[in-house]
Every structure is written in C-alpha cells, then in structure tokens.
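Step one of this worksheet: look at the structure below.
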Amino acid sequence: MTASSTTPNYTVPGISTSDGGRIIDLLRTRLHALNDLSLTLKHIHWNVVGPHFIAVHEMLDPQVESVRGMADDAAERVSALGGVPQGTPGVLVSERTWDDYSVGRADAIAHLGALDLVYTGIIEEHRAAVAEIGKIDPVTEDLLIGQLRSLEQFQWFVRAHLESSGGTLATATARTEGQAARLAQRSGEKER
C-alpha cells in the first residue's frame, strides 16, 4: 500500500499529512503483524503437547493478552493520526508479507523453536519501523520502542527453553519455522 493511499485529510499537530500517511502505512503493517502474532500464540497454546505442555501453555496466555494490547495501541495511534485501522482477517491476509504459521499439533519444544523465528521476524520489522518513524514522530517511536521491550522479553522466555547450558541456541541455523521446530525437537530429545 502506498503512502498516498493512506494519506489522511488531517493528522496530529506538528506532522505533515504526507508524513502522517507514511507513519500510518508503517503502523498498518505492525498492526497486522501484532494481530497475526496474537492468533499464532493462541494457535500454539491450543496445539502444544508433550512434557513441557503446561509450562508453555501457561506462559503463552499473558503474551497473547499483552500482544493484543499492543495491537490496540497501534490501531488507536493510526486513528489519532487521521488514518483508518484495518483489523479484519481479510485485510490482514491480503496485506501481510509473510506466510501463515506452519506448525500444527507438536511438542512444546518444537513450537518454541518455530516461535523463536516468528519473534525474530516481528522484532526485526518493529526495529526497522522504529528507525524510520524516529525521523518523523517521537510519540509513535516511543510506542513501538515500548512494544519492542516486551516482545524481546517474550522472545527471551522462549529462548530460555532452547538454549543449552553452554549458551548455544538450538535454532541458531534455522531459516524456516519447520527447520527451527526440527532443530529444537532434536535438541530437546538429546536433553532427555
């Protein structure tokens, strides 16, 4: 979606409508990513099995609630900037730049391996948005930095399950969710 298609008729004082449109574009993508992440976390919550089931199952619900709050904050900032937040599944699917989460019912460690890659993608794209928005709007930059703080903490919780006592991350070489799930699973089996 181009900036001209989301350029608002008005925006917050001190920001031009064209800059407001660019911020709205970036926030739309972040909104989609956060909505997708909350659904993915619930999917994992429902489909996790194995010896670490309860720990992972219970770890994910607070993350879901926090990520839903992040999505709400991003949507409200879009509105404050004069934009229209789009939160429907159809818009999310048509505008996202990533594939759907690929792991179904699986061992907790396999899901955590895949989730680590999901968090990496979200965090990297949030950081890119912060870098661009920071040149235009410190308020939106601050919003995203606060979200990054929580997202990075959630990834740390996930990685704590994937890290060896020597500091090696089981999924370090993975490039896809499926690879990450398999590598984490193998590492978990060696630990047993």
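The values are calculated or read from the model by the stated rules, or taken from the named source; none is laboratory data. All values reported here derive from a predicted model rather than from experimental measurement. No Cβ is skipped: glycine too gets one built from the backbone with ideal geometry, and neighbour counts run over all protein chains shown. What goes into the accessible areas is simple: the full protein's heavy atoms, side chains included, and nothing from ligands, DNA or RNA. Shrake-Rupley method; radii C 1.70, N 1.55, O 1.52, S 1.80 Å.
Points worth noting:
For (1) of a type in the set (D, E); (2) in contact (Cβ under 8 Å) with a residue 24 or more places away in the chain; (3) under 22 Å from D73 (Cα atoms); (4) open to solvent by less than 10 Å² (accessible area, probe 1.4 Å), each residue gets a yes or a no:
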position	(1), (2), (3), (4)
S16	no, no, yes, no
G21	no, yes, yes, yes
I24	no, yes, yes, yes
R28	no, yes, yes, no
H32	no, yes, yes, yes
N35	no, yes, yes, no
H45	no, no, no, no
V49	no, yes, no, no
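- Test: residue in segment 165-179 that is buried (at least 17 other Cβ atoms within 10 Å of the Cβ) and of a type in the set (K, R): no
- Selected residue (only one of R68, R159, R149, R105 is open to solvent by 30 Å² or more (accessible area, probe 1.4 Å) and under 25 Å from R22 (Cβ atoms)): R149
To keep it simple, each residue is scored yes or no on (1) among the polar types (S, T, N, Q); (2) modelled with pLDDT of 95 or more; (3) open to solvent by less than 60 Å² (accessible area, probe 1.4 Å); (4) in a loop (DSSP other than H, G, I, E, B).
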| site | (1), (2), (3), (4) |
| --- | --- |
| V118 | no, yes, yes, no |
| G121 | no, yes, yes, no |
| I136 | no, yes, yes, yes |
| Q153 | yes, yes, no, no |
| R186 | no, no, no, no |
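- Taken together, the criteria place A170 among residues that are in contact with a Gly (Cβ under 9 Å, 6 or more places away or on another chain), modelled with pLDDT under 95 and small (G, A, S).
Results for (1) open to solvent by less than 30 Å² (accessible area, probe 1.4 Å); (2) of a type in the set (D, E); (3) farther than 30 Å from G21 by Cβ, shown as yes or no for each residue.
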residue: I54; (1), (2), (3): no, no, yes
residue: H57; (1), (2), (3): no, no, yes
residue: V64; (1), (2), (3): yes, no, yes
residue: G83; (1), (2), (3): yes, no, no
residue: Q86; (1), (2), (3): no, no, no
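- Hey, R96 touching a His at 6+ places or on another chain (Cβ under 7 Å) and either surrounded by 14 or more Cβ atoms within 10 Å (Cβ to Cβ) or closer than 17 Å to L34 by Cβ (or both) or not: yes
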